[in-house]
Amino acid sequence: MSPLITPSELAGLPEATILDVRWKLGGPPGIDAYREEHIPGAVFCDLEADLAAPPGPRGRHPLPSAESFQEAARRLGVSGSRTVVVYDGADSSAAARAWWTLRYFGHPDVRVLDGGLRAWISQGLPLSKGEEDAAPGDFVARPGGMPVLDAARAMKLAADGVLLDARAAERYRGEVEPIDPVAGHIPGAVSAPTGDNVDPSGRFHLPDFLRERFNTLGAVRGVEVGAYCGSGVTAAHEVLALEVAGIPAALYVGSWSNWVADPSRPVAIG
C-alpha cells in the first residue's frame, strides 16, 4: 500500500485520525496557520514538541522517548487500530517526520496527504477554523518499526552502501551553512536534495521517476541505503520518497547537527 493518500481518498475516510503538522524552521509557528484554516477534524501536531526531544548533543530534533511520544500521540487522538493521515502546507517535508515517527514507534497504517493542504484546497474541499481537540487515543509506542542510523553506522554506510544527503546542494558542498556551526557533509555521502522528489505543486513524483532518480544515485536493489539532513526532518521526507519508489532506507535521526557535535568526526567539502 502506498504511504501517500490523495485528497479525494482522505475525504472518503471519515474515521481517520488527521494530524496537521505545518512547521517551518525559524517560524512562524505552524499553529497560527492551523487556526486560520485546516482540514475538518484535523488536530495540530507540534513537530518540535510532539515529534522530537529537546535539542542537544544528539541533534536539533532527536527522537523522543517512547513514553513521551506515546503520551503525545494519545493526546492527539492516535490509536493503533485507526488510520492516521498527516499533512502540512504542500510538500510533506514536515508531515514526513510525523509519518516516520509514527511508523518507527509501531503504528501500522500512516498515510501522507500528497500535496498537503494546498492539494486539498485545490479540489474545493471544506476547511475549518480555530482549534479542535481529539478524543484521547490508545496508541502503544513500540520502538523499532523503522531502521535508524547513529553516527558510526552512517559513516560505515557512506563507505559500504549509499548515504544520501537530503539538504540543498550548496549546504552539502559546504558553500553555505545557515544553521549548524560547521559546513560540509559526511565523507562519502551523496548529494540528493529532497526538494527534487516533488513537483512544483508539492506532490511526489511518480514511483518510476523516483526509482530512476535514486537508482542513478546508487540506491539499487541489494545495496543498503540511508539518509540524513540537518536535523532529521527533511531526511524523513527523503526516506518517504524512497518508500514511494519501493526502496527501503534507514534514517540518521541526529543527522548533521549530531555529526558535527563531535569535532573528531571528519567533514568533507565540495
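The values are calculated or read from the model by the stated rules, or taken from the named source; none is laboratory data. What you see is a predicted model, and the numbers here were worked out from it, not measured in a lab. Positions of Cβ are generated from backbone atoms using ideal geometry, with glycine treated the same way; all protein chains shown enter the neighbour counts.
Checked against the criterion of being touching a residue at least 24 places away in the same chain (Cβ under 8 Å) and under 20 Å from ALA235 (Cβ atoms), segment 37-47 has at least one qualifying residue. Taking the conditions (1) closer than 19 Å to VAL148 by Cβ; (2) surrounded by fewer than 21 Cβ atoms within 10 Å (Cβ to Cβ); (3) not β-branched (Val, Ile, Thr) in turn, ALA73 satisfies each one other than (2). Pairs linking a residue in segment 201-219 that is crowded, with 16+ Cβ neighbours inside 10 Å to a residue that is assigned to a helix (DSSP H, G or I) and among the acidic types (Asp, Glu), with Cβ atoms under 8 Å and 6 or more positions apart or on different chains, are ARG213/ASP196. Among the residues making up segment 151-167, those that are touching a residue at least 24 places away in the same chain (Cβ under 8 Å) and either among the aromatic types (Phe, Trp, Tyr) or assigned to a helix (DSSP H, G or I) (or both) are ALA151, ARG153, ALA154, MET155, LEU157, ALA158, ALA159, ASP160. Being free of Cβ contacts under 8 Å to residues at least 40 places away in the same chain and under 22 Å from ASP180 (Cβ atoms) is a description that applies to ASP196.
Give segment 102-150 a look and list any residue that's more than 19 Å from the chain's Cα centre (by Cα), aliphatic (A, V, I, L, M) and not in a loop (DSSP other than H, G, I, E, B), or say none. Across segment 102-150, the qualifying residue is only ILE121. Counting only helices (runs of 4 or more DSSP H) that sit wholly inside segment 168-259, those with at least 2 residues that are of a type in the set (Lys, Arg) are 169-173, 207-216.
Output the residue which, of all residues in segment 21-43 that are under 18 Å from HIS61 (Cβ atoms) and touching a helix residue (DSSP H, G or I) at 6+ places or on another chain (Cβ under 9 Å), is modelled with the lowest pLDDT. Applying the filter and picking the extreme gives LYS24. In the condition set (1) in contact with a helix residue (DSSP H, G or I) (Cβ under 8 Å, 6 or more places away or on another chain); (2) surrounded by 14 or more Cβ atoms within 10 Å (Cβ to Cβ); (3) β-branched (Val, Ile, Thr), VAL176 is compliant with all but (2).
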